[in-house]
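See below for the structure under consideration.
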Amino acid sequence: MTRSFAELPARARLAEVVDAGTFHEWLPPSARVTSPHLAQLGVPAAFDDGVAVGRATLAGRAVFVAAQEGEFMGGGVGEVHGAKLVGLLRRALRDRPDAVVLLAESGGVRLHEANAGLIAVSEVMRALLDVRAAGIATLVLIGGANGCFGGMGIVARCADTVVMSDIARHAMSGPEVIESAHGAGEFDSRDRALVWRTTGGKHRWLCGDCDALVEDDPQAFRAAAIAALDTHRPMTLAALQHESALLQQRADVDGDNADAFELWARLGVPDARTVPDLDADAVRARRPTALAPLSTGAA
Amino acid sequence: MAGMETLRFTFDGGRALGPFAPTLVGVVASGNLEVLVEPAAAPGCHVDIDTSARGFGGIWEAVLRDFHARHGVAGLTLSIHDMGATPAVVSLRLDQAMAAIAGATP
């Protein structure tokens, strides 16, 4: 029986994705580097502030890794949580592992920590882009039940490679946020089918927003991460123009804010209505080739 | 510390555990808790609790007394961050922690 990546806690995901027994954690729970803000709000801290960071090997190659615990405050990025990610990324600049792999599960900024959380997320973005620019492969794996939203949604798109499962979600504003701002008529957050076909892994794959679509299986994520260890997408002018053209194309075909079914059909996805019932393998085959990100390869 | 309560218990007696690596089980989430188990030089079983649910000291003591009766361990500290877990969940997490340190070499 395969295990569900989504159902595993953060450290168990790490243990299954990297080579067995190779994860060495920095600032582990026993170091008690915890949030200085939560106690004032009557909220217990977590010993690791909701993120595990460290080094490991992946297919024998040196990687730095991080995993966010979505069960703790929805994976929200607080000051310490963000600083652990930034420290990991800056250390990667110094030590130059082959890749940095982030197992993201987050609703974005931890609003309890207000500006400290906002600044933390922006620092993570900058640090990740620095690592990517240094030619170290950056990978974000999204497979948790809480998805990857808000500031962490942006962080994910700063990486060379994004891997998602079909039950993963990735977007800026989450469903409840959209509904509370614009009403259930605009977006019904309780309509799970709507939520998944608007933010889920299949949608992201078909639109070209993620680079690999896998089943909800730790070994599938591991295989996708190994396959992307030499994928570098330098942010050249040509690459940015290609991204921009893809976005423009999507905006053009989606002029009237079509439902995802209609959008997929207009983008050239065959039998769009059947997509939600297909497994990841079948959906992978349906992405129109024109929507793939700019060709990638070893730097 | 508005809203939060800090509790501390020590249970004497029991067999001293061999060396083990600090181990974390559970997660701070609604109705859940995390337990960090660490070796301690002092004898006894020490328990430190931060909980968001005030006024349940007597129940904590009963649940921990049961735990100590089940496992009879000494030479360790249990540090707990609790977000309103029920006694049954707390007991399961404590048992999970004992199972986890059995496989945790220092």
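Brief remarks follow.
- Selection within segment A:18-29 - buried (at least 17 other Cβ atoms within 10 Å of the Cβ) and touching a strand residue (DSSP E or B) at 6+ places or on another chain (Cβ under 7 Å): A:Val18, A:Thr22, A:Phe23, A:Glu25, A:Leu27, A:Pro29
- Residue check, B:Val28 free of Cβ contacts under 8 Å to residues at least 60 places away in the same chain, part of a loop (DSSP other than H, G, I, E, B) and either under 12 Å from B:Ser79 (Cβ atoms) or at the interface with chain A (Cβ under 10 Å from one of its Cβ atoms) (or both): yes
- Segment A:147-158, residues that are part of a loop (DSSP other than H, G, I, E, B) and within 9 Å of the chain's Cα centre (by Cα): A:Gly147, A:Phe149
- You will find that of A:Pro293, A:Pro276, the residue that is surrounded by 15 or more Cβ atoms within 10 Å (Cβ to Cβ), under 22 Å from the mean Cα position of the chain (by Cα) and at pLDDT below 90 is A:Pro293 and no other.
Conditions tested, residue by residue: (1) over 13 Å from A:Ala280 (Cβ atoms); (2) β-branched (Val, Ile, Thr).
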{"site": "A:Lys202", "(1), (2)": "no, no"}
{"site": "A:Trp205", "(1), (2)": "no, no"}
{"site": "A:Ile226", "(1), (2)": "yes, yes"}
{"site": "A:Leu229", "(1), (2)": "yes, no"}
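- Filter pass, B:Thr6 being of a type in the set (Ser, Thr, Tyr), touching a helix residue (DSSP H, G or I) at 6+ places or on another chain (Cβ under 9 Å) and either surrounded by 16 or more Cβ atoms within 10 Å (Cβ to Cβ) or within 14 Å of another protein chain (Cβ to nearest Cβ) (or both): no
Let's see how each residue does on (1) basic (Lys, Arg); (2) out of contact with any Phe, Trp or Tyr (no Cβ under 9 Å at 6 or more places or on another chain):
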{"position": "A:Arg13", "(1), (2)": "yes, no"}
{"position": "A:Val18", "(1), (2)": "no, yes"}
{"position": "A:Pro29", "(1), (2)": "no, no"}
{"position": "A:Pro36", "(1), (2)": "no, yes"}
{"position": "A:Ala39", "(1), (2)": "no, yes"}
{"position": "A:Gly42", "(1), (2)": "no, yes"}
{"position": "A:Ala52", "(1), (2)": "no, no"}
{"position": "A:Arg55", "(1), (2)": "yes, no"}
{"position": "A:Gly70", "(1), (2)": "no, yes"}
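- Annotation note: of B:Val37, B:Val47, the sole residue that is within 26 Å of A:Glu71 (Cβ to Cβ), part of a strand (DSSP E or B) and either aromatic (Phe, Trp, Tyr) or more than 14 Å from chain A (Cβ to nearest Cβ) (or both) is B:Val47.
Table: residues versus (1) within 24 Å of A:Leu8 (Cβ to Cβ); (2) within 13 Å of the chain's Cα centre (by Cα); (3) assigned to a loop (DSSP other than H, G, I, E, B).
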residue	(1), (2), (3)
A:Val163	yes, yes, no
A:Ile167	yes, yes, yes
A:Ser189	no, no, yes
A:Phe221	yes, yes, no
A:Ile226	yes, no, no
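- Residue, nearest to the other protein chains (Cβ to nearest Cβ), within segment B:71-100, restricted to residues that are surrounded by fewer than 17 Cβ atoms within 10 Å (Cβ to Cβ) and under 10 Å from the mean Cα position of the chain (by Cα): B:Asp95
- Conditions (1) in contact with a helix residue (DSSP H, G or I) (Cβ under 9 Å, 6 or more places away or on another chain); (2) closer than 30 Å to A:Asp281 by Cα; (3) at pLDDT below 95; (4) not charged (D, E, K, R): number failed by A:Gly144: (3)
- Among the residues of segment A:251-268, those identified as out of contact with any Asp or Glu (no Cβ under 8 Å at 6 or more places or on another chain) and of a type outside the set (A, V, I, L, M, F, W, C) are A:Asp252, A:Asp254, A:Gly255, A:Asp256, A:Asn257, A:Asp259, A:Glu262, A:Gly268.
- Complete set of residues in segment A:44-54 that are more than 9 Å from chain B (Cβ to nearest Cβ) and touching a Ser or Thr at 6+ places or on another chain (Cβ under 8 Å): A:Asp49
- Looking only at segment A:39-89, and only at residues there that are assigned to a loop (DSSP other than H, G, I, E, B) and among the aliphatic types (A, V, I, L, M), the one that is surrounded by the most Cβ atoms within 10 Å (Cβ to Cβ): A:Ala46
- Residue ID - nearest to B:Val35 (Cα to Cα), chosen from residues in segment A:8-43 that are modelled with pLDDT under 95 and at the interface with chain B (Cβ under 8 Å from one of its Cβ atoms): A:Val43
The values are calculated or read from the model by the stated rules, or taken from the named source; none is laboratory data. These numbers come from a predicted model, not from an experiment. A quick note on method: Cβ atoms are made from the backbone with ideal geometry, for glycine too, and the neighbour counts reach across all protein chains shown.
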